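Each remark here refers to the structure printed beneath this line.
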Amino acid sequence: MFVETHSLAKHYGHLKALDDCTFGVARGEVFGLLGPNGAGKTTLIRLLMGYLRPTGGRALVDQLDCCRQSLRVRQRVAYLPGDVRLFRPMRARDVLDFFARVRPGGDVVRLREFAARLQLDLTRRVALMSTGMRQKLGLAVTLAFDTPLLILDEPTSNLDPTVRRDVIRMVDEARDQGRTVIFSSHVLSEVEEVCDRVVILRDGRLVHTQDMSHLRRQHRIRLRLDGEMSLPPSPLAGQLKIHKSSDGGYVIETPDELSPLLGWLSTLPMSEVQIEPVGLRAVYDQFHSGPDDMP
Amino acid sequence: MNYALWKKSVHETRWLLAASGLGMFLFCWARVWLVSLVTMSKFANVVAEFWKDVERFSPVPLDHLLTYPGRIAVTFEELIVILLISVWAIGRGSDTISGELGRGTMEMLLAQPVSRSQILLTQAAVTVAGIAALVFVVWLGIFTGIHLFSVEEAPPAPTFTIPLTRIEIPWPVGDQEPIRVPLATKAKSFQFTAGCINLFALGFFLAGMTTLLSSWDRYRWRTIGIAVGVYIVQIVLKVFGLAHESLQWMSYCTFYVLYEPQAAVYAQIQHPRTWWYPILTNDQGRWQGLSPLGDSLLLVMLGCLAYASALVIFRRRDLPAPL
């Protein structure tokens, strides 16, 4: 595993910002962090960056301890904070120059290429930039560095749809280059699109790990029948979840490929049928179903 | 130290340094000009009137105060000089950690492979270089004033030499017109070295103390508030300690008692060969206390201790997320 945590915890007195968090991220994987505000996503990232000292457990990046060997860890990481704050008196080009100089091997030409892709005005002072422009500048500074690990905390917040699209494309490119990405976001559709695996956090605890390729195979079938529902054939019967919906119809949830079901479905006296992917929302709602849990 | 961080810090503080430097130069230059305008006899008359009341507060004897170097050395205790050096030291010291945290820029800085020590030490280097630059500007203002202005004084009385005896007898010729002589013949700019060192030491200590406060805080305004509060209390303790014998113990509770630039200049002039000794000894070679330069060294050592403590705290602390 390229990133590992073992019973990682951060407590502030009685408040458990993160508790007993254990997971691993494989090299080249895009790993999503999901959870409402205060669930512990940012605390987890800040522990990985060495900004916080863990109360318990430990975190490793490339077998390096994130707390004791923070400098060596940060040589391998490019990090975009959730709230990007840059040096207000500087112009955008000076910011790029600064970060190119401060990081060994930094390449200002590459930084400017990324800035151009994000349509940044390099002559403008940071103090005069909108929140979205500052976010784009932060993205250029983060994505342009050729580090093996990218940590992006809500990278698309404050961005217009076109730039969001570009950012998702850049994350895809990073994956294609074999880089590992930790992607924290509130936008489920983006996480669903870009991540290979997702963990869901609640009240500082990791409550669910979801393999996205598996989730993409899962479907929900809504049926309305004119006659009686016959039981599925025996190999499928144990795998399907069938329950009656409030409107008198049936909802069937498939755990895997849809194709073995189609033969059985065609024998049912259906008046209406609707087949849809289960999607991340359904998984997320199992753990955070309150209306205030997601924006 | 990191060159990119150094450049960034200089870029961020260049206007404050330039403005402080210009103000410092003009004030010191003008202060020497004012010294040159008031003749020594008039100054002596003014001082004589209230000397008994203020003698307790003066770090130097009246004889020294009634010399041009003594009068120019008062520049180091002028409010504007102390204010400008303090504003730089406290402003920069508070910016080191809590300033970056408050602005939220520490997050992006530490996302790079830069150690916390590098950040603190680079900021400290810029701060200390700024203090040195401001102190040099003080000296430059004094130097320029000394070499530009002249002072009025009574001409030496004409004398008559008795033939074959080489004995000179003053020749009474009545009132003579005063003449102007260059101030450079009355005071030398190098005589203020000890005063400059003492001013630097004060700035260094203040910067270190404020950096220490900054290292555990997250709000710059709070760091500045605490630093200014401590500073004012220290000055008050010194004034009270000097004001009455029964309150003298207060002098031992303040670092400000180590800032005595007039005494440092006096020591340099009185003991040109030994003024740089850090301790005072009696004829038997026994320790008598710290010399004025020793006071400066103690301030610098306390400043170093504060910086070292700040480094330990900053390296170990949790960094809060930007608000």
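The values are calculated or read from the model by the stated rules, or taken from the named source; none is laboratory data. All values derive from a computational prediction rather than experimental measurement. As a convention, Cβ positions derive from the backbone with ideal geometry for all residues, glycine included, and neighbour counts pool all protein chains shown. Just so you know, the surface numbers come from the protein's heavy atoms only, side chains and all, with ligands and any DNA or RNA stripped out. Shrake-Rupley method; radii C 1.70, N 1.55, O 1.52, S 1.80 Å.
Summary table below
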read-out: With DNA, RNA and ligands ignored, accessible area of B:VAL128 (1.4 Å probe; Å², nearest 10); value: 30
read-out: Mean Cα-pair separation over length for chain B, i.e. relative contact order, pairs under 8 Å, 6 or more apart, %; value: 24
read-out: Dipole axis of region A:3-91 (+1 Lys, Arg; -1 Asp, Glu on Cβ), positive-most option in A:PRO54, A:GLY32, A:VAL77; value: A:VAL77
read-out: Net charge of Cβ neighbours under 10 Å - reference A:ILE275; Lys, Arg +1; Asp, Glu -1; value: +1
read-out: Helix runs (DSSP H) in chain B reaching 30 Å along axis by Cα, Kyte-Doolittle at least 1.0; value: B:116-148, B:193-216, B:220-243, B:292-316
read-out: Whether region A:173-295 is rounded, prolate or oblate, judged on the alpha carbon gyration tensor where a/c under 1.5 counts as rounded; value: prolate
read-out: Local electrostatic count at B:SER189 - Lys and Arg +1, Asp and Glu -1, tallied over other residues with Cβ under 15 Å; value: +4
read-out: Rounded tilt (10° steps) of A:92-102 against the dominant C-alpha axis of chain A; value: 80
read-out: Inter-chain Cβ neighbour average for residues A:83-91, partner chain, 10 Å; value: 5
read-out: Chain B: projected area of the alpha-carbon convex hull, averaged over directions, in nm²; value: 22.3
read-out: Cα gyration tensor category, rounded, prolate or oblate, for region A:1-40 with a/c compared to 1.5; value: oblate
read-out: Largest-first ellipsoid semi-axes for region B:131-229, taking √(5λ) over the Cα gyration tensor eigenvalues, angstrom; value: 54, 13, 11
read-out: Cubic angstrom per residue, convex hull over Cα atoms of chain A; value: 163
read-out: Reachable lysines, given that their alpha-carbon falls under 29 Å from the alpha-carbon of A:LYS10 and they are not under 8 places away in the same chain; value: A:LYS41
read-out: Amide hydrogen neighbours beyond the local backbone of B:TRP275, cut-off 5 Å, H modeled; value: none
read-out: Solvent-accessible heavy-atom area per residue, rounded to whole Å², over region B:1-124 at 1.4 Å; value: 42
read-out: Those lysines that a straight Cα-Cα span of less than 20 Å connects to B:LYS52, excepting residues fewer than 8 apart in one chain; value: B:LYS42, B:LYS238
read-out: Residue-normalised accessible area of region A:1-141, given per residue in Å² at a 1.4 Å probe; value: 40
read-out: Per-residue mean of C-beta atoms belonging to partner chains within 10 Å, peptide B:112-120; value: 5
read-out: Positions from region A:101-129 whose accessible area shrinks by 40 Å² or more when the full protein complex is built, not the chain alone, probe 1.4 Å; value: A:ARG101, A:VAL102, A:ARG103
read-out: Gyration tensor (alpha-carbon) shape descriptor, region B:188-323, a/c threshold 1.5; value: prolate
